Amino acid sequence: MAATEISIADALYKAEQNQQPIAPIGELLGETETVDRAYAVQDINTQRALNQGRRLVGKKIGLTSFAVQKQLGVDSPDFGMLFADMAFVDGQTIPFQKLIQPKVEAEIALVLKSSLTHSQHSVADIIAATDYAVAAIEVVDSRIENWKISLLDTVADNASSAAFVLGTQKVQLADVDLVNCRMQMTRSDEVVSEGLGKACLDNPLNAAVWLADEMVRRGRPLKVGDIVLTGALGPMVAVKAGEEFKVEIEGFGSVSVRFSA
């Protein structure tokens, strides 16, 4: 492992521990380098977390909006790791002081009943492997100052992930419209984000297919019981201390989260 990747991983880890953001690190990895170096940084901190006894429970998919991909000059999503200690119960309060510059986004989460180990997956494979789906809120947070991120910054920073909340209304994929389902996020009584299922790569299952293939390629295939956050259905919203958010997704019910004052 190159010294640069190790030093960047250390800097991101300390930023998270101290709740103090750092300057963008993408340029340190080299403008002509592939995203693999950024994933190498992510891997260092994933292994650090596992060594500390944290448990992997799934993956998140980011950059599933074609508009955001165009903005960052990329043509595919990215992924990050979900750990058990990042999970919060519907309606639970998340300690705001443990975050740096959090934002929330509404997503559909899949929970798997079988592993996905093919080198190339189909939508049918994802449907067959899915036990159920739920509405979810992802809390994203960047260890990079002022969210001034490039693709390499967010990939190295575990896809800017921080926490997630799963709804409790389990649904079967056959019973919902993943493409046209409407999402609405409110802060108190104010609507702050809206969207449709198709905002996520035209269908959240497209994102799941990409992730399943990518995780096999990178030696971390999706497993039985894994949670997959498939990607945002609408714009992310910045969070202030003391705020409460509720997400309703047509066919999936609702999910909410509070942040401490």
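Values computed for the structure shown
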{"quantity": "Residue 28 being touching a residue at least 24 places away in the same chain (Cβ under 8 Å), open to solvent by 10 Å² or more (accessible area, probe 1.4 Å) and within 19 Å of residue 236 (Cβ to Cβ)", "calculated": "no"}
{"quantity": "Cross-chain or 6+ apart pairs with Cβ under 6 Å, segment 149-170 first and within 11 Å of residue 81 (Cα to Cα), then of a type in the set (Asp, Glu)", "calculated": "155/78; 159/78; 162/141"}
{"quantity": "Flag for residue 80 being in contact with a Lys or Arg (Cβ under 7 Å, 6 or more places away or on another chain), at negative phi and surrounded by 13 or more Cβ atoms within 10 Å (Cβ to Cβ)", "calculated": "yes"}
{"quantity": "Residue match in segment 90-108 (condition: assigned to a helix (DSSP H, G or I), free of Cβ contacts under 8 Å to residues at least 40 places away in the same chain and of a type in the set (S, T, N, Q))", "calculated": "no"}
{"quantity": "Pairs with Cβ under 8 Å, 6+ apart, first in segment 64-79 and closer than 12 Å to residue 150 by Cβ, second modelled with pLDDT of 80 or more and among the hydroxyl-bearing types (Ser, Thr, Tyr)", "calculated": "72/150; 78/154"}
{"quantity": "Flag if residue 59 is free of Cβ contacts under 8 Å to residues at least 12 places away in the same chain, under 28 Å from residue 241 (Cα atoms) and among the basic types (Lys, Arg)", "calculated": "no"}
{"quantity": "In segment 84-114, the residues that are in contact with a Pro (Cβ under 6 Å, 6 or more places away or on another chain) and open to solvent by 20 Å² or more (accessible area, probe 1.4 Å)", "calculated": "100"}
{"quantity": "Check on residue 170, in contact with a Phe, Trp or Tyr (Cβ under 6 Å, 6 or more places away or on another chain), open to solvent by 60 Å² or more (accessible area, probe 1.4 Å) and either at pLDDT below 95 or basic (Lys, Arg) (or both)", "calculated": "yes"}
{"quantity": "Positions within segment 14-34 being modelled with pLDDT of 90 or more and either closer than 17 Å to residue 151 by Cβ or more than 18 Å from the chain's Cα centre (by Cα) (or both), in sequence order", "calculated": "14, 15, 17, 18, 19, 20, 21, 22, 23, 24, 25"}
{"quantity": "Residue selected from segment 230-253 under the condition touching an Asp or Glu at 6+ places or on another chain (Cβ under 7 Å) and not small (Gly, Ala, Ser), by the criterion most open to solvent (accessible area, probe 1.4 Å)", "calculated": "236"}
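One line per residue, one yes/no per condition, for (1) open to solvent by less than 10 Å² (accessible area, probe 1.4 Å); (2) farther than 25 Å from residue 24 by Cα; (3) modelled with pLDDT of 95 or more:
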{"residue": "152", "(1), (2), (3)": "no, no, no"}
{"residue": "163", "(1), (2), (3)": "yes, no, yes"}
{"residue": "187", "(1), (2), (3)": "no, yes, yes"}
{"residue": "191", "(1), (2), (3)": "no, yes, yes"}
{"residue": "209", "(1), (2), (3)": "no, yes, yes"}
{"residue": "215", "(1), (2), (3)": "yes, yes, yes"}
{"residue": "223", "(1), (2), (3)": "no, yes, yes"}
{"residue": "228", "(1), (2), (3)": "yes, yes, yes"}
{"residue": "255", "(1), (2), (3)": "yes, yes, yes"}
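The values are calculated or read from the model by the stated rules, or taken from the named source; none is laboratory data. Since the structure is predicted, the reported quantities are computational estimates derived from the model, not experimental observations. No Cβ is skipped: glycine too gets one built from the backbone with ideal geometry, and neighbour counts run over all protein chains shown. Side chains included, ligands, DNA and RNA excluded: accessible areas come from the protein's heavy atoms. Shrake-Rupley method; radii C 1.70, N 1.55, O 1.52, S 1.80 Å.
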